[in-house]
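Following: one structure in structure tokens, then a few remarks.
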Amino acid sequence: MKTRTQNARDLFLFLAFFSFTFSISIGQTQIAFSPQWFPQAQFAGYYVALDQGFYKELGLEVKIVHPSGTVSAFDNLNNGKVDVISSFLMDGIKQRASGRPLVHVGQFSQHSALMMVTKKTSGIDQAKKLNGKTLGLWSFGFQDIPRAFIHKYGYDLQIVPILNTVNLFLLNGVDALTVMYYNEYDQLINSGLNEDELNTFFFSDYGLDIPEDGLYCLENTYETKKEALKKFVQATLKGWDYAAKNKDYTIELVVREMDKAHLPNNKTHQRWMLNKVLELIEPGKKQVKKGQLSKQDFQSALEILKSDQTTNYPNPNILMEDFSK
Amino acid sequence: MKRNSLSYKIIQRVLISCVALGFIIFAIQYAYTRYLVENTTRENAQLLAENAVNEIEKVIRPVELIPENLAWMMESNVISGEFIYSFLEKIVKNNPSIYASAIAFEPGMSSKGSYYFAPYAYRDGQKVCTTQLGSSDYDYFIMDWYQIPATLRIPYWSEPYFDTGGADALLSTYSVPFFLNRNGHRVFGGIITIDISLDWLTKIMHSVKIFKTGYAFLISRTGSFVTHPNREYIMNQSIFTIAKEDNIPELREIGRTMIQGKNGFKSVTTQVGEKNWIYYSFLPSTKWSLGVVFPHNEMYADIRQLTVLILFLSALGLGLLVFFTVRIINKQIMPLAKFAHSARIIAEGNFEVELPKVESGVEMKELHDSFEFMQKELAEYVIHLKETTSAKEKIESELRIAKEIQMGMIPHIFPPFPNLPEVDLYASLESAREVGGDLYDFFLLDEDLLCFAIGDVSGKGIPASLFMAVTRTLLRSVANKATNTAQITASINKTLNISNESNMFVTLFVGILNTKTGELRFCNAGHNPPILIKNGKEADFFGLTKSIPVGLFDDFAFTEEHLQLGRHDQIFLYTDGLTEAEDIENKLYGNDRLLDVVRNHADYLPKKLIEEVHNDVKVHVNGHLQSDDLTMLSIICLRNE
């Protein structure tokens with residue numbers, strides 16, 4: 001409803017102006033960073049690094065600018081409001097393929113948290129049973145992997161665009177729903193569904209374990225702040241390590257950030273999110289160091305982009321060395 | 001009061017019984033009261049919840065009718081075109097409970113035919129404004145308020161949301177699908193909504209009070225708190241996140257039951273052990289659920305107060321009971337102590353002591369009479385006892401004298417013949433009673449002949465002792481006249497048979513030893529065979545041919561036997577008191593053991609031998625009461641060959 005839109009806009013305007021400001025000291029490089037979403041445990045590493053002074057230790061003056069409902073992180077980057085943003089790998093590659101001078105400077109998530117859920121009562125306990133069924137899918141993004149899955153297996157699925165709630169699925173308005181394991185999946189649990197009442201389909205189990213959150217900046221920013229950006233990645237990794245060892249503190253910090261942004265929050269959900277995001281940061285069997293992007297993952301993501309028949313990208317032949325610094 | 005006194009025991013038992021009885025009554029009362037309180041509280045909670053539900057429904061139902069009627073009007077084509085704006089404006093203006101209202105069309109279903117068309121009227125302060133909602137920036141088709149009822153084709157109450165745009169309140173949107181008539185077909189036209197403020201809901205919920213801290217809360221169909229006394233929960237927490245955060249799995253189950261549309265009454269216990277009760281009831285219109293919560297402790301607070309009061313009164317009652325019981329019992333049993341005192345004085349010999357006066361109680365009177373009777377009987381008994389004791393003492397005194405006389409009749413100076421070196425002898429007699437029936441005797445018939453005898457009178461005590469005295473006297477008197485032992489025995493037998501009314505008899509062994517030659521003549525009238533010890537080495541019984549005891553038949557012909565004793569040959573004579581001495585298990589001393597002990601000490605002189613046998617018998621009986629006289633006589637020849 002409009003009232004809610006107005007509310008949201010007011011909130012987002014508040015967020016747009018909401019930033020961490022610090023006195024500028026001589027000799028410190030300023031970095032403005034925008035995560036891809038509102039404050040939540042998904043970005044705990046950044047909050048911790050800032051709160052614990054890890055950025056300052058490396059000579060960085062960091063401010064975090066959250067996106068709003070109308071201004072995305074990419075908008076902030078393109079209009080020069082921020083130096084670096086957090087984004088999904090697929091989105092980063094898509095931006096580069098669209099011709100934007102975007103470079104990848106760090107990779108925190110090494111795995112995909114994207115998945116589909118169905119209710120056991122629906123009888124859909126195998127992916128092939130999704131044929132002819134309805135699938136709720138976000139209308140604002142994160143569609144690449146689900147669409148690649150449908151394309152890869154040739155399933156005839158009716159996509160139902162949804163905004164950002166799980167209510168349609170709860171009321172059986174769709175047969176299946178795409179969710180983030182660290183976010184919407186727990187929302188379902190927190191809405192009264194038990195885990196044993198759900199069938200889960202992780203895209204990572206279907207050859208689509210594409211890393212997600214990474215850091216991006218424009219090429220010219222990279223040229224001028226190369227060292228500062230490296231330090232930014234380094235300090236953020238330290239922030240994540242600290243968060244893993246001090247979860248209660250981290251949750252308090254995240255909830256404080258959410259309160260400042262007047263966002264509904266509860267520690268239970270943020271704790272779940274923190275735990276799951278921390279799992280994503282660990283490379284596991286992948287031959288890659290923390291904070292870096294594996295070439296194989298990059299190639300897999302690029303393949304998905306190229307196989308997308310719906311969009312024509314002007315510059316789809318991206319090289320890893322050009323993309324990731 | 002002493003712990004083992006009668007009054008203490010009576011009071012103790014009375015009190016234990018009273019406490020046990022009181023406890024049972026109290027436990028039943030407590031359990032029943034709890035049952036009643038639980039039932040009453042449950043009914044009260046149910047009533048409170050249902051009242052609140054009814055109040056909410058009373059507000060909700062009329063509001064729901066507005067979009068439902070509007071849907072009918074849309075389908076009937078009563079309102080269309082630009083008229084929709086003014087119509088919506090009037091609806092909002094005329095219904096204070098409505099904050100905003102919209103009619104959102106499906107793409108191309110409005111009269112304008114545009115993709116987005118959603119006329120919207122809303123309050124802005126005192127004014128009511130109108131606008132069109134839909135645009136590419138506001139794609140209402142994917143918003144819950146539109147998408148859910150449009151997909152499910154049923155009315156839908158949205159999850160409550162906090163509006164900061166103008167209403168500055170908690171709102172919920174009620175969406176109703178409407179249909180349009182197109183070319184004779186009923187097709188889905190879009191969604192009609194009304195937004196209502198939930199402030200009144202909060203007021204209703206806050207008015208629900210139960211006990212001291214009991215409260216009511218409301219959750220949406222996803223379990224999110226719509227109202228709660230803790231405002232931080234609203235729009236932040238769901239019943240499921242609280243259940244997880246506080247680790248209360250039962251709460252999660254209750255939450256699931258609530259959103260499934262069920263009513264119920266359940267308890268939950270927090271991690272710190274606080275138990276709470278929840279009555280929950282479903283709201284049919286919004287599909288939300290209402291819960292009434294109250295702490296377990298508070299439910300039983302009144303019972304606890306009542307329990308404390310009952311316990312206090314019980315303690316007081318018990319105290320009074322103890323006080324009066326002690327007084328009454330002490331008063332009732334006081335004469336017992338006096339009787340006890342009197343009994344002690346009586347026991348000291350004062351039978352004339354005055355008994356306590358008894359004023360009441362049949363039992364006490366009986367006791368008094370019994371004491372009086374006892375006093376009288378005791379006095380008489382003591383007099384009788386004195387007489388009896390005196391008589392007994394007299395008899396005992398006489399018996400002592402009789403024993404002295406009896407012992408005086410038998411020789412007891414050893415060695416008896418200091419001038420007769422050819423022979424040595426020793427004898428002992430130990431009566432089982434003051435006087436006994438055993439006898440032994442020895443005396444010289446001339447310079448060479450030693451006459452000796454050992455005997456055992458049938459029976460015991462004074463009759464036997466008298467018979468023994470007669471026998472011994474007869475022996476002395478006939479021995480000098482007779483020529484052999486058979487004649488001596490026969491003579492004694494004849495005399496004893498005269499006037500032997502009591503049929504007493506005596507076993508007798510009479511012997512005459514020629515101290516110079518060692519020739520022994522003897523007659524055994526039913527007596528135990530003596531032992532012959534040859535030269536201080538071998539020992540065995542001899543004189544095994546027994547005649548009958550003397551005193552039985554007056555003309556019995558006794559026979560004499562001969563035995564030649566060598567130097568250092570010894571004869572050992574005894575009565576059956578020796579071989580029949582019993583130990584505690586009534587086992588007899590026996591011939592074999594006697595023979596063994598004699599053989600083991602065959603080289604002993606008479607005195608030492610008799611002492612040794614005596615000691616061995618003592619070892620055998622081991623303190624057991626002596627039942628028969630014990631008499632031994634031993635003679636050894638010491639003559640030169």
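Taken together, the values in this text are just the output of simple stated rules run on the coordinates, not laboratory data. Remember, it's a predicted structure, so these values are computed and weren't measured experimentally. Positions of Cβ are backbone-derived with ideal geometry, glycine not excepted, and every protein chain shown enters the neighbour counts.
Quick notes
- Screening chain A for whole DSSP H helices with an alpha carbon extent of at least 24 angstrom along the helix axis and a mean Kyte-Doolittle hydropathy of at least -1.0 yields A:226-245.
- Residues whose placed amide H lies under 5 Å from that of A:Phe202, excluding near-sequence neighbours: A:Met116
- Amide H contacts under 5 Å for B:Thr227, placed H, 5+ residues apart: B:Leu218
- Over 27 Å between alpha carbons, listed pairs A:Lys133/A:Lys276; A:Lys94/A:Lys286; A:Lys56/A:Lys289; A:Lys56/A:Lys286; A:Lys119/B:Lys275; A:Lys81/A:Lys238: A:Lys133/A:Lys276; A:Lys56/A:Lys286; A:Lys119/B:Lys275
- Hz values of 3J(HN,Hα) by residue in the range B:231-239 - Karplus curve (6.51, -1.76, 1.60), Gly and Pro given as x: 4, 5, 6, 5, 6, 9, 10, 10, 4
- Among B:Leu318, B:Ile259, B:Asn622 the positive-end extreme of the charge dipole of chain B (Cβ point charges): B:Ile259
- Mean separation of Cα contacts under 8 Å (6+ apart) over length of the range A:114-206, as relative contact order %: 48 percent
- Here the contact order of chain B, divided by its residue count and restricted to Cα pairs under 8 Å and six or more residues apart, works out to 9 percent.
- For trypsin sites (Lys or Arg not before Pro), the sites in the range B:350-423 that DSSP calls loop and that have at most 11 other Cβ atoms within 10 Å are B:Lys357.
- Acute angle (nearest 10 degrees) that the helix B:485-497 long axis makes with the longest principal axis of chain B, alpha-carbon atoms: 70 degrees
- Rg/Rh (Cα only; Kirkwood hydrodynamic radius) as it applies to the protein assembly as shown: 1.55
- Nearest-ten-degree value, helix B:606-621 long axis tilted from longest Cα axis of chain B: 20 degrees
- Extent along principal axes [Cα atoms of the range A:178-325; Å; largest to smallest]: 46, 38, 32
- Pairs of Cα atoms nearer than 8 Å and 6+ residues apart set the relative contact order; for the range A:23-87 it is 49 percent.
- Residues within the reach of a label modelled at B:Lys266 (point 7 angstrom out along Cα to beta-carbon, backbone nitrogen below 18 Å), restricted to the range B:218-249, are B:218-226, B:238-249.
- Nitroxide proxy distance, nm - points 7 Å out along Cα→Cβ at B:Phe553 and B:His341: 7.9 nm
- Rounded tilt (10° steps) of B:301-347 against the dominant C-alpha axis of chain B: 20 degrees
- Compared with the direct C-alpha span, the chain from B:Tyr32 to B:Asp583 gains 190.9 nm at full extension, assuming 0.36 nm per residue.
- Residues B:Ile24 and B:Val382, FRET efficiency given R0 of 45 Å [Cβ-Cβ distance, rounded to 0.05]: 0.25
- 13 Å beta-carbon shell around A:Leu58, net charge (K/R +1, D/E -1): +2
- Partner lysines whose Cα lies under 26 Å from the Cα of B:Lys460, excluding those fewer than 8 positions away in the same chain, are identified as B:Lys392, B:Lys394, B:Lys403, B:Lys494, B:Lys546, B:Lys587, B:Lys618.
- In straight-distance terms, cross-link reach from B:Lys357 covers every one of the lysines whose alpha-carbon lies under 26 Å from its own, apart from those fewer than eight places away in the same chain; here that gives B:Lys2, B:Lys9, B:Lys331, B:Lys338, B:Lys365, B:Lys376.
- Note on A:Lys306: aspartates and glutamates with a C-alpha under 19 Å away, same-chain residues under 8 apart excluded, are A:Asp91, A:Asp144, A:Asp209, A:Glu212, A:Asp297, A:Glu321, A:Asp322.
- Within a Gaussian network of chain A (alpha carbon springs, distance under 10 Å), most fluctuating of A:Val62, A:Val288, A:Val179: A:Val288
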